[in-house]
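What follows is a set of notes on a single structure, which appears directly below.
Read the figures in this text as sums done on the coordinates, not as results from a lab. Computed from a predicted model, the values in this text were never measured in an experiment. Virtual Cβ from ideal backbone geometry, glycine too; neighbours counted across all protein chains shown.
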Amino acid sequence: MSETRLELEREIASTLEELDKTRRKLVALRRRLPPEPVGDYELRDADGPVRLSELFGDGEDLILVHNMGTGCSNCTMWADEFNGVYQHLQSRAAFVVVSPDSPGAQQAFARSRGWRFPMYSAEGTTFTEDMGFRWEEEAFLSGYQPGVSVFRKNADGRIVRVAKDSFGPGDLYCGVWHLFDLLPDGPDGWDPLFDYPSADR
């Protein structure tokens, strides 16, 4: 092993250690944020209206993904990944995906992707905007932005948001980008598609 390679590997190891320290600091900072009171919004699924408080099931914690809808291939890739680990996620907290699509459009798209997690529609509500994932001045897909909110339902039934984060290429929530970063040319301009030609074509 050349000295140059050894030095680079030591620098990589040191950088990874610093990244881990920064990540732990970020986690600690988020936990210091005061809980944000949230109303019991009414969303919808294929069976009709559903209150936010009902999405917790029997637990006290809810991970809610803000998905931009069927027109976003990046959001679809994130959801595909969450679907693969859904059983692990729901073993620790309730997990749902919310988008601005109608319940019918959601159900049809979920079936086409094989998604197993529950989906709810925020169509016609201010929920997504109030949670900070829609800006009217943005032109792209009506200003919807992808991300996640984490809620807790207290013993008295009050709901608070305890954490939130945005999604984007290279974020902490999609492993595809990090695996591509290991390639010699990185992602190299790659963008996710809804479907890919099969290998035998």
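Under a plain spin-label model, where a point goes 7 Å from the Cα along Cα-to-Cβ, how far apart in nm are His88 and Glu18?
2.9
Helix 3-32 versus the longest principal axis of the chain: what is the Cα-based angle in degrees, 0 to 90, to the nearest 10?
Helix 3-32 sits roughly 20 degrees off the main axis of the chain.
For helix 73-84, what angle does its Cα long axis make with the longest principal axis of the chain, in degrees from 0 to 90 and rounded to 10?
Helix 73-84 sits at roughly 90 degrees to that axis.
Kirkwood Rh over alpha-carbon pairs of region 55-100, then Stokes-Einstein at 25 °C and 0.890 mPa s: what D in µm² s⁻¹, rounded to an integer?
220
Determine, for each peptide in 63-76, 21-34, 174-187, the mean count of other beta carbons within 10 angstrom over its residues, then list the peptides with the highest first.
Per-residue mean Cβ counts within 10 Å order the peptides as 63-76, 174-187, 21-34.
For Arg113 and Ala155, compute 0.36 nm times the residue count separating them, minus their Cα-Cα distance, and round to one decimal in nm.
The span from Arg113 to Ala155 would gain 11.5 nm if fully extended.
Can you tell me the order of 94-104, 80-90, 10-20 when each peptide is scored by its average per-residue count of other Cβ atoms within 10 angstrom, highest first?
Descending packing order for the listed peptides: 94-104, 80-90, 10-20.
Quick one: of the DSSP bridges fully inside the chain, what percent are antiparallel, nearest 5?
Numbers: 22 of 30 bridges.
Of the beta bridges lying entirely in the chain, close to 75 percent run antiparallel.
Can you tell me the order of 120-127, 154-161, 37-44 when each peptide is scored by its average per-residue count of other Cβ atoms within 10 angstrom, highest first?
Most protected by this proxy first, the peptides run 120-127, 37-44, 154-161.
Kindly work out what percent of the DSSP beta bridges joining two residues of region 25-110 are antiparallel, to the nearest 5.
Counting only bridges with both partners in region 25-110, antiparallel ones make up about 45 percent.
What is the projected area of the convex hull of the Cα atoms of the chain, averaged over all directions, in nm²?
Computed as one quarter of the Cα hull surface, the answer is 15.4 nm².
Assign unit charges at the C-beta atoms only (+1 for Lys and Arg, -1 for Asp and Glu), then state the dipole size of the chain relative to its Cα centre in Debye, rounded to the nearest 20.
720
Can you tell me how region 1-105 classifies by the Cα gyration tensor, rounded, prolate or oblate, using a/c under 1.5 as the rounded cut?
prolate
Set the Förster radius R0 to 35 Å, insert the Cβ-Cβ distance between Val162 and Asp185 as r into 1/(1 + (r/R0)^6), and round the FRET efficiency to 0.05. Before the final figure, lay out each step's value.
Working: r = 39 Å, r/R0 = 1.12.
Using R0 = 35 Å, I get an efficiency of 0.35.
Using the beta-carbon distance between Asp195 and Asp58 and R0 = 22 Å, what value does 1/(1 + (r/R0)^6) give for FRET efficiency, to the nearest 0.05?
0.05
By the 4.7 Å beta carbon criterion, which cysteine residues of the chain come out unpaired?
Singleton cysteines: Cys174.
What FRET efficiency comes out for Val176 versus Ser102 if R0 is 30 angstrom and r is the Cβ-Cβ distance? Round to the nearest 0.05. Please report the intermediate quantities before stating the final value.
On the way: r = 28 Å, r/R0 = 0.94.
FRET efficiency, Val176 to Ser102: 0.60.
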